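Working notes, structure below.
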Amino acid sequence: MIPPGPRMPSIVQTARFVADAERTFESYHRRYGPIFTVRYAGFPPEVYVTTAELAAEVYRTDQGGGQAGAARKDFLEHLVGAHSVLTLDGDPWWRHRKTLNPPLRAKQVAGYHDDIAAIAAERIATWPLGRPFALRERMQEITLEIIIRLIFGIRDAGRTGRLRELLPGLLATGGSTQVVLLPERLRPLAARVPYLPYARFLRLRAEVDAILFGEIRRRRAAPGGTDVLGRLLETELDDQEIRDELITMLIAGHETTATGLAWAFERFLRMPEVLERLPDDEPYLDAAVKEVLRVRPVVYEAPRLLDAPLRLGGYEIPAGWYAGPYIPLVHRDPAAFSEPGRFRPERFLEGHQSRAWMPFGGGRRFCVGAQLALLEMRVIIREVLHRLELTAPDQAPEARRLQNVTLAPAKQTRVTARARTPARTA
Ligand code: HEM
């Protein structure tokens, strides 16, 4: 038996999801309970679960039976290439993951603290004062700069400037439905029509690759450096594999972290009692960041493509289907979080330890960049609040809107900034 789910045509299910993911899933959850089947047009059915226990069973398939890489491959391979920790599975995945783990551990990324603060300060100084603007875009500029300088290790002004221009376009075209859903057999043809998004995507990718391969060559000739590229050059990965992993970290780490930061301010600016305790109480700041990622998880699902049938919640899910947690609902499970509807950072200060907190997924495929993302969020929030007083021009909460694989604030977190006088210092 398979889990229950809506009966409407898959095209309608897809449209409902895109129009309002939050309400759609809440209604499925109310109607069908903690495990249900959703069908998207053109894809195998997906079984969603909404409790930590069931999610753990899905994550357990990382030991065998579930493929996180295959579940992402069709959407990402044209961007990240054939050698990415995002899209590989089995032994090839582990060979790559082993090389990415060490440079992204908490102890290693702690060394980036001052660089992150300096990048944030540089950008914050350019923000407009006294008129509303979209904070999420500004956060994307900061997280992009962090990737260019601390992950790609590129410091040269000409090359960083060029990447700053190229990368947003590469991500926008590479993530657009016109490119992602373009059938494989039509790609050679589309590549030859210069004004099509696919051709533009290929041009951008070629130029970015030329810069990355150039950097890899230069750095092989002069080894060392504390950035992630420097560490990857010490491993067995070849140039193409390193290029693929650099783009992987860009894809996985840029928009996600910026959206997490956008949500942090969207929430904080509507809760004076929280804002008051920020940012210098370090444990509270850490807890508040975690609570933001609980109430507004940026990535809504962490699916596995099953290559064997899976017994889950009393049902049997066929091979060839997807299974995964629907993270926003797991985070509201009252069995795992007391008063789940309340924003209460204190729960993390009281030593809340639960497998139900899963903004970074779980199992063996747990986000490799989680420690860097959490550090970035803490440091950037601190830098902003030391320099500026932010307010929300409209106090109504921003809705969640689907943006690529993230749920982002619908108005991109609109804020108005005023200089803090005198500037608060740490
Ligand atoms: C707030 C920011 C971030 C969020 C919410 C986030 C969330 C996630 C989630 C949900 C997954 C899937 C885990 C699973 O399938 O169980 C993931 C995987 C991944 N993330 Fe992140 N991430 C963030 C930041 C970053 C950063 C900064 C980097 C890199 C520097 C990064 C690199 C990756 C990679 C490479 C994977 C694939 C891991 C694998 O399959 O082995 N992420 N992330």
Largest-first ellipsoid semi-axes for region 9-106, taking √(5λ) over the Cα gyration tensor eigenvalues, angstrom:
30, 18, 13
For region 8-112, with only Lys/Arg (+1) and Asp/Glu (-1) charged at the beta-carbon, what is the dipole magnitude about the Cα centre, in debye rounded to 20?
240 debye
Taking all protein chains in place and a 1.4 Å probe, what share, in percent, of the accessible surface of region 8-144 do carbon and sulfur account for?
53 percent
May I ask you to work out the translational diffusion coefficient for region 80-125 at 20 °C, viscosity 1.002 mPa s, via Stokes-Einstein with Rh from the Kirkwood sum over Cα pairs, reported in whole µm²/s?
168 µm²/s
At a Förster radius of 30 Å, what calculated FRET efficiency corresponds to the Cβ-Cβ distance of residue 186 and residue 159, to the nearest 0.05?
0.35
Based on the Cβ-Cβ distance from residue 40 to residue 353, what FRET efficiency comes out when R0 is 51 Å, to the nearest 0.05?
0.90
Probe 1.4 Å - accessible area at residue 97, Å² to nearest ten:
30 Å²
Within the accessible area of region 355-426, what % is carbon and sulfur when the probe is 1.4 Å and the other protein chains stay in place?
53 percent
In whole Å and largest first, what semi-axes does the C-alpha gyration tensor of the chain yield when each eigenvalue is scaled by 5 and square-rooted?
32, 29, 21
So for the pair residue 207, residue 308, with labels modelled 7 Å out along Cα→Cβ, what separation do we get in nm?
4.8 nm
As computed over region 330-369, the Cα convex hull volume per residue (Å³):
86 Å³
In whole angstrom, and with the biggest value first, how far do the Cα coordinates of region 361-406 range along each principal axis?
41, 27, 14
If unit charges are put on Cβ atoms (+1 for Lys and Arg, -1 for Asp and Glu) and the dipole of region 66-201 is taken about its Cα centre, the option from 148, 101, 178 lying farthest towards the positive end turns out to be 178
Ignoring ligands, DNA and RNA, what accessible area per residue does the chain give at 1.4 Å, in Å²?
44 Å²
Rounded if a/c is under 1.5, else prolate if a/b is larger than b/c, else oblate: which is region 137-292, with a ≥ b ≥ c the root eigenvalues of its Cα gyration tensor?
oblate
With +1 on the Cβ of every Lys and Arg and -1 on the Cβ of every Asp and Glu, and nothing else charged, how large is the dipole of the chain about its Cα centre, in debye rounded to the nearest 20?
700 debye
Taking every alpha carbon pair in region 277-426, what does the distance histogram look like in 10 angstrom bins from 0, in percent?
9, 30, 36, 17, 6, 2, 0
Apply the a/c threshold of 1.5 to the C-alpha gyration tensor of region 284-370 and tell me whether it is rounded, prolate or oblate.
prolate
Carbon plus sulfur fraction of accessible area for region 195-321, probe 1.4 Å, in percent:
54 percent
Using label points projected 7 Å from each Cα along Cα→Cβ, tell me how many nm separate residue 20 and residue 222, to one decimal.
5.7 nm
Restricting things to alpha carbons, find the Rg to Rh ratio for region 193-244 using the Kirkwood radius for Rh.
1.13
Flagged as over-length at 25 Å C-alpha distance, from 73/290; 73/98; 290/411, the pairs are 73/290
Full extension from residue 399 to residue 77: what is 0.36 nm times the residue separation minus their Cα-Cα distance, to one decimal in nm?
112.9 nm
Global geometry of region 37-163, whether rounded, prolate or oblate, following the gyration tensor of its Cα atoms and the 1.5 cut on a/c
prolate
With N denoting the number of residues in region 155-218, provide Rg(C-alpha) divided by 2.2 N^0.38 Å, to two decimal places.
1.24
At R0 = 25 Å the Cβ-Cβ FRET efficiency linking residue 127 and residue 339, nearest 0.05, sits at 0.10
What is the P(r) of region 56-110, as percent of Cα-Cα pairs per 5 Å bin from 0?
4, 19, 21, 21, 20, 12, 3, 0
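The values are calculated or read from the model by the stated rules, or taken from the named source; none is laboratory data. In this text, all values refer to a predicted model and were calculated from it rather than measured experimentally. Quick reminder, even Gly has a Cβ in these numbers, built from the backbone with ideal geometry, and neighbours come from all protein chains shown. Side chains are part of the model used for accessible areas, which takes the heavy atoms of the whole protein and leaves out ligands, DNA and RNA. Shrake-Rupley method; radii C 1.70, N 1.55, O 1.52, S 1.80 Å.
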